[in-house]
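Report on one structure; see the data block that follows.
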Amino acid sequence: MAACGEVERMKRREFLVTGLSATLATPAAASEFQVEFGSARAQVEIEGEAGPEFESLVKRWLDRSAGAVQSYYGRFPVPEVYFHIIVSGGAGVRGGQTFPGDLPLIRARVGRNSSEADLLHKDWVMVHEMVHLAFPWMNQRNNWMAEGLAVYVESIARVHAGHLEPARIWADFANMMPRGLPAPGDGGFDVTVNWGRTYWGGAIYCLVADIAIRRQTEGRFGLQHALRAINAERDFRREWDFIETLEIGDRATGTRVLVEQYEAMRTTAVSTDLDALWRDLGVRSDDGGAGALDDDAPLAAIRRAIESPLPA
């Protein structure tokens with residue numbers, strides 16, 4: 001969750017992403033250390049009661065999460081980052097926020113009883129927060145793009161890194177993306193600002209753009225190429241003009257998909273036919289979260305391309 005006005009208080013999914021402002025009055029730091037993600041450097045502060053085993057688990061969690069982001073972007077998105085890990089009761093990751101600046105800050109609250117399964121296999125929050133680092137800081141009007149992008153890329157990146165099976169993320173998309181569709185009376189992304197439109201509506205924009213780029217370029221490029229190009233020039237340390245940022249991605253793919261799709265959706269509510277899209281992609285799911293993939297579907301080749309990492 002990027003820190004951005006009222007939107008920072010929205011839920012990321014139907015369950016927990018807790019605001020962290022109430023947790024700042026915590027005990028003194030238990031430990032501080034540095035880690036590296038390729039050529040990027042990170043300073044890590046663990047605040048609260050924690051022992052060596054917890055510290056070791058946090059290091060592995062950060063490294064695994066960074067690996068997923070690197071698999072998508074080809075590198076870690078910023079040269080330096082600061083992690084503030086606040087130890088809480090219980091287990092698992094209790095929420096995260098990312099703050100812009102010369103040294104971006106990612107703050108997360110983690111239960112002291114967390115297991116390897118909690119952090120290394122179940123968690124999606126840290127990958128989501130790290131993805132924010134690869135895109136410029138957005139004001140409230142365009143924050144739907146920053147959050148929707150983090151939702152979409154987080155899932156794809158974890159597949160690229162081998163952390164999740166493709167059927168799982170497509171089933172999640174099929175079950176959750178309807179929450180991003182406009183309700184009667186809604187306007188476009190720049191008009192109607194709520195949880196569903198911000199997170200899952202933004203993710204719909206990314207998926208539709210990914211498919212459109214691949215169709216227009218006959219599979220030579222996808223959204224991943226556009227986002228890598230944007231990150232080569234801009235990142236979360238600064239706020240940049242939104243249209244200019246999208247144009248960087250469009251130039252990288254030789255299309256106008258990102259800008260034209262934004263212009264079509266910025267003030268007007270566009271309701272994507274998700275059921276037809278899942279059929280064309282060969283995605284089948286049920287309310288229990290199970291999924292199956294049909295490789296004979298019309299857009300199955302595009303779905304497989306989205307699932308497949310680019311060469312290093």
Report summary line: In the chain the DSSP beta bridges are antiparallel at a rate, in percent to nearest 5, of 50
Query raised in the report: Under the definition of Cα pairs under 8 Å and six or more residues apart, what whole-number percent is the relative contact order of the range 140-307?
Result: 28
Requested in this report: Kindly express, to the nearest 10 degrees and within the range 0 to 90, the angle between helix 242-253's C-alpha long axis and the longest C-alpha principal axis of the chain.
Outcome: 70
Query - Within the chain, helix-based [θ] at 222 nm, where runs of 4 or more DSSP H residues each add -39,500 (n - 2.57), nearest 500 - result: -12000 deg cm²/dmol
Query raised in the report: Counting alpha carbon pairs within less than 8 Å and at least 6 residues apart, what relative contact order, in whole percent, applies to the chain?
Result: 17
Report summary line: One would report the antiparallel percent of DSSP beta bridges in the range 47-120, rounded to the nearest 5, as 45
**Report entry** Dipole magnitude (debye, nearest 20) for the chain, charges at Cβ of Lys, Arg, Asp, Glu
**Finding:** 60
Query raised in the report: Hey, can you rank 63-74, 83-94, 175-186 by average C-beta count inside 10 Å, highest first?
Result: 63-74, 83-94, 175-186
Query - Most to least packed among 129-139, 37-47 [average Cβ atoms within 10 Å] - result: 129-139, 37-47
Query raised in the report: Averaged over all directions, how much area does the convex hull of the C-alpha atoms of the range 140-307 cover when projected, in nm²?
Result: 9.6
Report summary line: Along the dipole axis of the range 188-312 (charges at Cβ: +1 for Lys and Arg, -1 for Asp and Glu; origin at the Cα centre), the most positive-end residue among Val283, Asn194, Leu227 is Leu227
Query - Choice from Phe242, Phe33, Phe54 showing the highest fluctuation, given a GNM over the chain with Cα pairs closer than 10 Å - result: Phe33
Report summary line: In whole angstrom, the spacing between the Cα centers of the range 63-79 and the range 237-301 equals 22
Report task. Residues in the range 60-74, backbone N under 16 Å from the label point at Glu116 (7 Å along the Cα-to-beta-carbon vector): list them, ranges by number please. Result -> 60-65
Requested in this report: Consider the candidate values [x] 20.3, 64; [y] 27.3, 98; [z] 18.8, 57; state which one is Rg and Dmax of the Cα atoms in Å computed from the structure displayed.
Outcome: [z]
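Laboratory data are not the source of any read-out in this text; all were calculated from the coordinates shown. On a predicted model such as this, the values are computed, not experimentally measured, just so you know. No Cβ is skipped: glycine too gets one built from the backbone with ideal geometry, and neighbour counts run over all protein chains shown.
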